[in-house]
Every structure is written in structure tokens, then in C-alpha cells.
Ligand SMILES: [Zn+2]
């Protein structure tokens, strides 16, 4: 609703200057751009022989965190069929450096796939991971405008659930990620906006967020190359494959029918030297060393 009188609104709309077809704001400017992934290099890394470092299956409606060294490959898969997963990522040694969903969305897209990177927050601003494989890349844009691997939304949480439905439920993704992070010395406040893996979302004609059912089948996966030492945490969303998603009392009980586990595997390359020989290096933090234009006084001003 506008505060302008209707005739004024119509006039503003009629006389608005035409708007040219926009171009994406952050298109890479050349082959040396940090946004331009060397596809040949990453394809080579992805297809090189690897050794399994660790593996676990995450049961439905739970959360778990794990570490992955720089240069390792993390595969997250759907072993029993469709299920969405909410992923958090931190620098292993400094949890203040963590995934920044909104900047990643600007730099790449609302939904990400092979060749896109997940970036860390300020004052670090470097890739946490690069996506090197995605068996759902074929999904593209569906007939409702939905796409997969969502950066538009965030995790489900008990606060909004209680606000909207009055219910109390302890196994939303936010809570699952909180419990997952605690054994690594982190707290609820370290949980941040996620990437919703295997989740199809979009905006309708009025810009409202929607979710479609997860298209994953048994054995679908997404793979990341760790661009630095990482701590990662995953939640198997209590909404399962989202085919029955709703808010309301007892909704969690019904949705359990569409909940399935997720599997996490961490690999290293059999030949560690492949990375170094190919010119790959762990990501470096942004070179900005300014102080935001501030001069910080040492103490009380001597001027009278
Ligand atoms: Zn969730």
C-alpha cells in the first residue's frame, strides 16, 4: 500500500523512465577474477583418485559437525532418496570466519552448482569451498521458477515455529546445528544462515518465498573442495523432502514420513601433490588492510 493518492501513483508509473535490461552485478571481469573458477583444474581434482578419510550417515532429524582439511573433498549424498540438508561452514581454527549466504548469493546466484563458491564473511572474504560436482545440476529452473541448492532462505528454527504455530519442537535445523556445534566449543550464536542442500525454492510473482519437493533420488550428491581448513555442520531437516511441509501443531509428526538420512564423506586425493602441482593454493583472506577511514584516539583529547 502506498501513501500517494491513486492518481499520483498512476502518473508516477506512467512517467517512470524505461529501464534497460540489467546485467548481473558481479559478472567476473576476466580469467584472473576470483569468481572465475579454473574448470579444467577443478575437473582434474574431482576426477583424481581419492582416499576416504572419514564417513558417517546422519540419521533423520539430527545434526552433526566434522572437520575437513584444506584440499579435501566433501561429498554429501542422499543414500535413501530425497531429503534436504542445512549446512553451516566455519574456518576450523576461527569460528568468527563463517559462511556468508547473502554475499555468495550476490557473487554467484540464488541457487548454486558446479563452479560456484561458498564465501566467508567479513573481514575475511574468501572462498570456504568450491562446488566441484552436483548430480542435480540438470534440474535447472522448473515450471514454477524453482531451482535447487537454495541460498534464498535460511534454516527452520523453533522460535519462528513457536511464533507461528504455538508449538514447541526441539529438532529444527537451527537446534540440530546448535547441538552439532557444541562439542567443537561453539554455541547457538555461532549457527548462521545456511545453504539448503537438495532444496528447491524460488520466489513467486509477488516475490514470496516458496519451496517445492526435493528432486533427489537415492545416491544423488554434491561435492565441495575445501579451500581452507573447515569445520562443517549438517542438519537433516525435520521437513524431510519438503513434500509435506507445513507449519502448525503436530505438523512434525506427519512430516516424519518424508524424512530420510544424509551421508557425509570426506576424501583426500591419493596423490597429495596433484593440488600443488596444478597450482592450487588454500584461499587467502582479502587484502584490504584499511581501518575504514578511522583514526582511533589513544586517550583523552589534549585540545582545550
Ligand atoms: Zn530445516
Subject >> Rounded, prolate or oblate (a/c below 1.5 giving rounded, otherwise prolate when a/b exceeds b/c) for segment 91-213 by Cα gyration tensor >> reply: oblate
Original post:
How do the peptides 288-298, 258-268 rank, highest first, by the average count of neighbouring beta carbon atoms within 10 Å per residue?
Top reply: 258-268, 288-298
**OP:** Please give the peptides 122-131, 161-170, 55-64 ranked by average Cβ packing (other Cβ atoms within 10 Å per residue), highest first, as a rough proxy for protection.
**Re:** 122-131, 55-64, 161-170
Original post:
Rounded to the nearest 500, what is the chain's calculated 222 nm mean residue ellipticity when only DSSP H runs of at least 4 contribute -39500 (n - 2.57) each, over all residues?
Top reply: -4500 deg cm²/dmol
Original post:
Roughly what would the spin-label model give for residue 284 and residue 144, points 7 Å off Cα along C-beta, in nm?
Top reply: 4.6
Original post:
Nearest 0.05, what FRET efficiency do residue 301 and residue 93 give at R0 = 35 Å with Cβ-Cβ as r?
Top reply: 0.35
Subject >> Cα centroid separation - segment 194-229 against segment 1-64, whole Å >> reply: 12
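Laboratory data are not the source of any read-out in this text; all were calculated from the coordinates shown. Since this is a predicted model, take the numbers as computed values, not measurements. Neighbour counts are summed over all protein chains in view; Cβ atoms, including those assigned to glycine, are modelled from backbone coordinates with ideal geometry.
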